[in-house]
1. May I ask for the net charge around T156, where only other residues with Cβ less than 12 Å from the Cβ of T156 are counted and Lys, Arg are +1 while Asp, Glu are -1?
2. Which order do you get for V186, V74 if you rank them by accessible area with a 1.4 Å probe, largest at the top?
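The values are calculated or read from the model by the stated rules, or taken from the named source; none is laboratory data. Just so it is clear, the structure is predicted and the values come from calculations on it, not from any experiment. Glycine also receives a Cβ, built like all others from the backbone with ideal geometry; neighbour counts cover every protein chain displayed. Each accessible area value is taken on the protein alone, full model and side chains, heavy atoms only, with ligands, DNA and RNA left out. Shrake-Rupley method; radii C 1.70, N 1.55, O 1.52, S 1.80 Å.
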Amino acid sequence: MFVVLAVVSRLQDWALLGFPWWAWLLLGIPALLLVIDLVLGRRRAGLVRSRRAALTLLSCLVVGNAAALGVLVVGLVTTSTSDLGGGELLITGFAIYMADVIVFGLIFWELEAGGPVARDAESERRVVDFRFPQDDSAEPGNWSPQFWDYLYVSVTNAIAFSPTDTMPLTLRAKAIMGLEAFLSAVTVLLVAARAVNVLGS
């Protein structure tokens, strides 16, 4: 998403707070490494060799997204409405929002019940961070959550700013979901409201 934002910023000569267009590419480097790792991981040749390294890379992505959001919020506060374009705000906010949804989905997937490797090695999840609706079924069978289940949790948390059908059970799960909800709320409520103001003026 940040690569797209950088390209559009270059084409439209956007420079939020004087940041050059290529600054967004720097924030996209951890995301690029993650994409490369996921592609290579399907061939058992991933760059990230441990769960700790994966969580570290994902943490870098969260910090990068938070920094991007900080730049955007400062730009909203210090720049007059006439100097900001609604399209710039919407595209920047959308890039940050979508990056957060994907990154937190990956964090939930990597964090819960020891990570995907541990979940695949065991017949059932013993110590869980999230309680899915399927866990309450009388006959859950061999069901176990996949990445798409965690991505759905991330999407609903980012939209509702709270858990929906999947409940966090541990403190770390609650803390991470709270962080995602906070970042999403700032992005959606503040940025969208200002963008609507700019477009309507």
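1. Around T156, the charge tally is -3.
2. On the way: V186 35, V74 70 Å².
Result, largest first: V74, V186.
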